[in-house]
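This report refers to the structure that appears directly beneath it.
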Amino acid sequence: MVKYGDCYLEPPPIGPTTFFFRHTFRSRTKHVTVSLLPHWLIMRLANNLFQPFSDKEVCSICNQPYNPDAAQQSPDLLTMHFCPRDTCQTACHRECLSSHPIKKRPTCTDRRMSLLCSIPSNLLDSPPSPTLLSLLSKSKPVSRSQPKTRKRKRASEADALSLFEDLPPELTELASQPIVKPTFEPEPPRTHRGKVKAAEPLNIVKDVAGNVTVVLKARVLINDVLRGTTTLPRDWKKKVGWDGDADPSSIVDPGENSTCPPLLCPTCGEHI
């Protein structure tokens, strides 16, 4: 049985045939142990017979925890988007993010670049200095009608994007994916006898933990390559945990006919 944590940055894969647990129930003391909660709060919640989820383990908008079964029934609404930034590291339902007004605005206007550079500091060997956004190539011209601050901002983003041109397109596409849970795959086709019309195929959960691990590993690898601390290995797919499928479930936003909307994190205001 696999232990799953809602805030894990490298959760193990949890497929359709894998059992997992999130909290530990101790029969002697009759309370649920959650490492993210202080002991006094655990005891209070256990005595009141409430489910002890911490603030990090629930959607900050609706205060409801992650429910993979419900997400399978309504993936367009209850799929959760995870923000890996140091100040956040929590997930929110897609429906909540779509309807919740965000007061803050992202510091990086390019959504793909913002996602690529969203890497938790504790996954890096050393602080990213310089950061990916500051690794600029040759400057590109910007329209003169734009304000100077906007010129510099857009020019730096365009320059930074040019650094990814020498990397495998599959790697940059994987690293720029939104981090969601769970991930789905099409239901296997069913055989039907006679002329009865078959039911519409449904998506089934491929990984309860989502694409958190593989996407973050891809971002860390790109960060290390661009900063010159490592070279891109030939078996980079194996290094990041890509199973090698032609169309992996980790790619949730292919860019064409995508059902994954552009959303912002309610905590930091950045792309999620």
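Measure out, as a whole number of angstrom, how far apart the alpha-carbon centroids of segment 61-101 and segment 217-271 sit.
Centre-to-centre distance over Cα atoms comes out at 19 Å.
Strictly over 27 Å apart at the Cα level, which of Lys56/Lys237; Lys3/Lys104; Lys3/Lys238 would you flag in this model?
Lys56/Lys237; Lys3/Lys104
Once amide H atoms are built 1.01 Å from N in the peptide plane, which residues 5 or more positions from Asp207, or in another chain, come under 5 Å H to H?
Amide H neighbours of Asp207: Thr183.
So who's got an amide H within less than 5 Å of the one on Phe20, skipping anything under 5 residues away but keeping other chains? H placed 1.01 Å off N, in plane.
Val2
Between Thr90 and residues 5 or more places away or on another chain, which pairs have amide H atoms under 5 Å apart, with H built 1.01 Å from N, and which residues are they?
Hits under the 5 Å cutoff: Cys83.
So, R0 is 35 Å and r is the distance between the beta-carbons of Glu173 and Asp69; what FRET efficiency does that work out to, to 0.05?
0.75
Short version: ³J(HN,Hα) in whole Hz for each residue of segment 236-241, in order, from phi by Karplus 6.51 cos²θ - 1.76 cosθ + 1.60 (θ = phi - 60°), x for Gly and Pro, what are they?
Karplus values, whole Hz, x for Gly and Pro: 4, 4, 5, 5, 8, x.
Which whole-Hz couplings ³J(HN,Hα) result when phi for each residue of segment 262-272 is put into the Karplus expression 6.51 cos²θ - 1.76 cosθ + 1.60, θ = phi - 60°, listed in order with x for Gly and Pro?
Per residue, the Karplus-derived 3J(HN,Hα) values read x, 10, 10, 6, x, 8, 9, x, 8, 5, 10 Hz.
Once phi is turned into θ = phi - 60°, what whole-Hz ³J(HN,Hα) does the Karplus curve with 6.51, -1.76 and 1.60 give for every residue of segment 211-225, x standing for Gly and Pro?
Those phi angles translate into 9, 4, 5, 5, 5, 5, 5, 5, 5, 5, 4, 4, 4, 5, 5 Hz.
Laboratory data are not the source of any read-out in this text; all were calculated from the coordinates shown. This is a predicted model, so every value here is computed, not measured. When we count neighbours, we look across all protein chains shown, and the Cβ atoms used for this are built from the backbone with ideal geometry, even at glycine.
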